[in-house]
Structure formats: structure tokens, C-alpha cells
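J.: Take a look at the following structure, please.
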Protein chains: 2
Amino acid sequence: MDRLLQVLNAIYPMSHELIEYLAAHIKHRILSRRQFLLRAGHVSRDICFIESGLMRCYYLKDDTEISSWFMKEDDVIVSVESFFQQKISYESIQALETTNLYCISYEELQLLYKTFPEFNFIGRVLTERYYTQSEQRLYSIRMQKSRNRYKHLMDTHPELIMRVPSKYLASYLGVREETLSRLRGRKYL
Amino acid sequence: MDRLLQVLNAIYPMSHELIEYLAAHIKHRILSRRQFLLRAGHVSRDICFIESGLMRCYYLKDDTEISSWFMKEDDVIVSVESFFQQKISYESIQALETTNLYCISYEELQLLYKTFPEFNFIGRVLTERYYTQSEQRLYSIRMQKSRNRYKHLMDTHPELIMRVPSKYLASYLGVREETLSRLRGRKYL
């Protein structure tokens, strides 16, 4: 879990005791392609760090799967409302590639925050970071036409355009696959 | 600033030193109706707690003001992306009623987090809370028709339906004022 420790240490230097505690309480999981981390209708119990791989969050709208976001290596992944409030999730989280995860449960995370107050510094900074990204997506949905959203995604997350299968990317952008393929063809708009 | 201290203390009991530090660094401001806390094109420098009053966040879309959210007493108010990244805001924040605020600047908040590590516990919990609310709004925009969004707002924030002027509420829900007035008339849907 070197990659996870590196990310956390870059935010706030961790003591030897904290690192040992993390090593003892964080569980390694490997999901194969199409395997689920969370299914809608269940409670999001774990918060996970992606060491390698790619996942998608999606929900059903009139029986159609709509992708809400994609997470790759170095991302922390969670169904926000379900995890923080420990209530049933409307979202599912599924691996799009073989994915290596390091996970900790909600209860263990709360204990970690109580036992190591300095870990709250890290938790706060990470939460601010993902909160900001969530607001950026909200802005993108409110303000932009699909063509501009494609360009915005190209500018901010070009690697997702390369890695995420077209049908999922199209549902995230709110366009049909043929439209996405036309947008890809133009390269820049 | 008793009300602010009460909210913070309920999350994590604060030491006498921390309370004194807050009292020395937090500034009281009163905004009259229509006065701005932040104008689009500027950087969100302060994070504020509303002791009393009502404010709205809005942005321009094709020269039309679209309300993105409303904040009232006991809420913490900020333009998320602009404040956390200290970049120019596309949103404006304006008082809808005479509003009493307690504010701290970005720089002072960072110093506070460094000087009092336990304040990170409070900051983390508050950030998780507002992050969750932001995700709920995102879900509402993605999933719900305006009639359902009205019902959802009625269920979760009935006081906003009573207090926020119709034109702002209508732009938040994405409906015309006449439609909102019809929705109000039906009371429940």
C-alpha cells in the first residue's frame, strides 16, 4: 500500500504509529472486471483507495444505466451520501478493469479519526478535494452543452476519454454513442 | 457568536484556548438585503457562518440569473471551488434578508487548522456534511422532474419554500414562476 501512504503523507506527514495502525486495519481487495464494490439498494460500508484500475459509479434512470463518474488509480472512492450517512445507496460502483483497492470500513474510519486526531487533517483535505470536484461536475451539468462537456472532460481528464468504454462515457456526457464518436472524430471543438 | 460556538462544540468539544482564538480571529459582518458577500469574477476569500438571515448563490447562464442554492441561519456559506482553490468564482452570493455573519479568511483558516489540530475534526465533519448536501442536489438535478424537485425541496427544506422569493425559487427548480405558483397551489403532489 505504498502508493496510498505516499498520497496521505503528501497531505500531512504521518507518525510511525499511525502508519502501523493503517497497515493493520486497511484491507486489500482485488475486483475483477465487471465485479461490484457496491450495488444500489445496499449501504456503502467501505471507503477505498484505488491503487490500480478503473471503476465507474452509475445509477438507473427509467431502467437505463447513467454513469455519474469514473475513478482511477490514486482516487478515493465512495458513494458519498450512502457512506457518510450510512444509508441505502441509489448508486452502484463497478470495476471496468481489474482493480486493486485498499479499503477501510465506516466504523474503523471513525475510530481512526478519534484515535489519531492528526488523521482528521488528511481526511479534511481529501474531503475538500472531492467536494470541489463534485461541485465542478454540478457546474458542468448545469452550464454546458454536451459538446462543451466533452471538451471540458478532455481538458481536465484526458485519460478517461482514452480508457472508459464509449457507452459509459456517452451516458455520463448525456449523448448517444454515435454523437460521442462524432465528437471524438473532431478531436477539438 | 454563541450560536456558531454551539454548532462547532456539538461536533467536537473545543478547548478554552481554541474558543479564545476563534473569538479573536472571526469577524462579525452584517449584510443588508441585496448586498453581496461575493461577486462573480472575484475570489471567495472568506468562509462564513450565518447567525441569522438568508442568502442565495447564483450564476449567470445566457444572461439569466440561475439560483444554485439558498443558505440560512446555522449554515456555513462559501463558493466551494473558488474558496478551496482560491480561484476566481463564477458564482455570486447575495443576501436576500438582512444577514448576520461570522467570517474567517482562507489564510486564517489554514493557520487555525495548523495551530489547533482538533479543529480539523470539526472542519472534516462540516465538509462531509456539505459535500453530502451537494451530492443530493446533483442527484435531484439528474433524476427528478421539476414537480418532483419541488416535492423533494418541500420535504427536506420546507422553510426555504416559505422564505425564498418566488423568482429565485423558480430559477433553482428550473421552472417558470407561473409553474411554481401552480405547484404551490396544489400543496402536495
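J.: Quick one: 3J(HN,Hα) in Hz for region A:44-58, Karplus 6.51/-1.76/1.60 with θ = phi - 60°, rounded, Gly and Pro as x.
T.: 6, 8, 10, 10, 10, 9, 8, 7, 7, x, 8, 9, 10, 9, 8
J.: Ordered by residue, what ³J(HN,Hα) values in Hz, to whole numbers, does region B:86-100 give under the Karplus form 6.51 cos²θ - 1.76 cosθ + 1.60, where θ = phi - 60° and Gly and Pro are x?
T.: Once θ is set to phi - 60°, the couplings for region B:86-100 become 6, 10, 5, 8, 9, 9, 10, 10, 9, 6, 9, 9, 4, 10, 9 Hz.
J.: Next question, about the same structure. Can you tell which of B:Ser68, B:Ala23, B:Ile104 lies farthest toward the positive end of the dipole of region B:2-118, using +1 and -1 charges on the Cβ of basic and acidic side chains (Lys, Arg; Asp, Glu)?
T.: B:Ser68
J.: Another question, then. Going by amide H atoms built from the backbone, whose H comes under 5 Å of the H on A:Leu37, apart from near neighbours?
T.: A:Ile93, A:Gln94, A:Ala95
J.: State to the nearest 20 debye the size of the charge dipole of the protein assembly as shown about its Cα centre, where the only charges are +1 on K and R beta carbons and -1 on D and E beta carbons.
T.: Numbers: 54 positive and 46 negative charges, 435 e Å.
Value, rounded to 20: 2100 debye.
J.: Return the calculated 222 nm mean residue ellipticity for chain B, to the nearest 500 deg cm²/dmol, obtained by summing -39500 (n - 2.57) across DSSP H runs with n ≥ 4 and dividing by the residue count.
T.: -15000 deg cm²/dmol
J.: Then there's this: So which trypsin sites (Lys or Arg not before Pro) in region A:147-189 are both in a DSSP loop and have at most 15 other Cβ atoms within 10 Å of their Cβ?
T.: A:Arg176, A:Lys187
J.: Please identify every one of the GluC sites (Glu not before Pro) in region B:107-182 that sits in a loop by DSSP and has no more than 12 other beta carbons within 10 Å of its own beta carbon.
T.: Numbers: sites: B:Glu107, B:Glu108, B:Glu118, B:Glu128, B:Glu135, B:Glu159, B:Glu177, B:Glu178; in loops: B:Glu118.
Sites meeting the loop and neighbour criteria: none at all.
J.: Other chains near A:80-91: what is the mean number of their Cβ atoms within 10 Å of each residue's Cβ?
T.: Counting Cβ atoms of other protein chains within 10 Å of each residue's Cβ and averaging gives 3.
J.: Would you please give the residues with an amide H less than 5 Å from that of A:Trp69, counting only those at least 5 places away or on a separate chain, with H modeled from the backbone geometry?
T.: For A:Trp69, whose amide H was placed from the backbone, the distant partners under 5 Å are A:Cys57.
J.: Which cysteines in the protein assembly as shown lack any other cysteine whose Cβ sits under 4.7 Å from their own Cβ?
T.: A:Cys57, B:Cys57, each lacking another Cys Cβ under 4.7 Å.
J.: In addition: Between B:Asp75 and residues 5 or more places away or on another chain, which pairs have amide H atoms under 5 Å apart, with H built 1.01 Å from N, and which residues are they?
T.: For B:Asp75, the qualifying residues are B:Ile50.
J.: Between B:Asn9 and A:Gln144, what's the calculated FRET efficiency when r is the beta-carbon distance and R0 is 35 Å? Round to 0.05.
T.: Details: r = 42 Å, r/R0 = 1.19.
E(calc), rounded to 0.05, equals 0.25.
J.: Which of the residue pairs B:Lys61/B:Lys87; B:Lys72/B:Lys151; A:Lys151/B:Lys167; B:Lys27/B:Lys114; B:Lys61/B:Lys167; A:Lys27/B:Lys114 have a Cα-Cα distance greater than 22 Å in the structure shown?
T.: A:Lys151/B:Lys167; A:Lys27/B:Lys114
J.: Report the FRET efficiency, 1/(1 + (r/R0)^6), for A:Asp62 and B:Gln86, where r is their Cβ-Cβ distance and R0 is 45 Å, rounded to 0.05.
T.: 0.65
J.: Suppose every K and R has +1 on its Cβ and every D and E has -1 on its Cβ; what is the size of the dipole of region A:1-112 about the Cα centre, in Debye to the nearest 20?
T.: In debye, rounded to 20, region A:1-112 gives about 300.
J.: How high is the relative contact order of region B:1-115, in percent, with contacts defined as C-alpha pairs under 8 Å that are six or more residues apart?
T.: Averaging sequence separation for qualifying contacts and normalising by length gives 37 percent for region B:1-115.
J.: Would you kindly state how much longer the chain becomes between B:Ile19 and B:Arg33 on full extension, computed as 0.36 nm times their sequence separation minus their alpha carbon distance, in nm to one decimal?
T.: 2.0 nm
Every number here is computed from the coordinates shown, using simple stated rules; none is lab data. Predicted, not measured: the structure shown is a model, and the values here were computed from it. All Cβ positions, glycine included, derive from the backbone under ideal geometry; neighbour counts span all protein chains shown.
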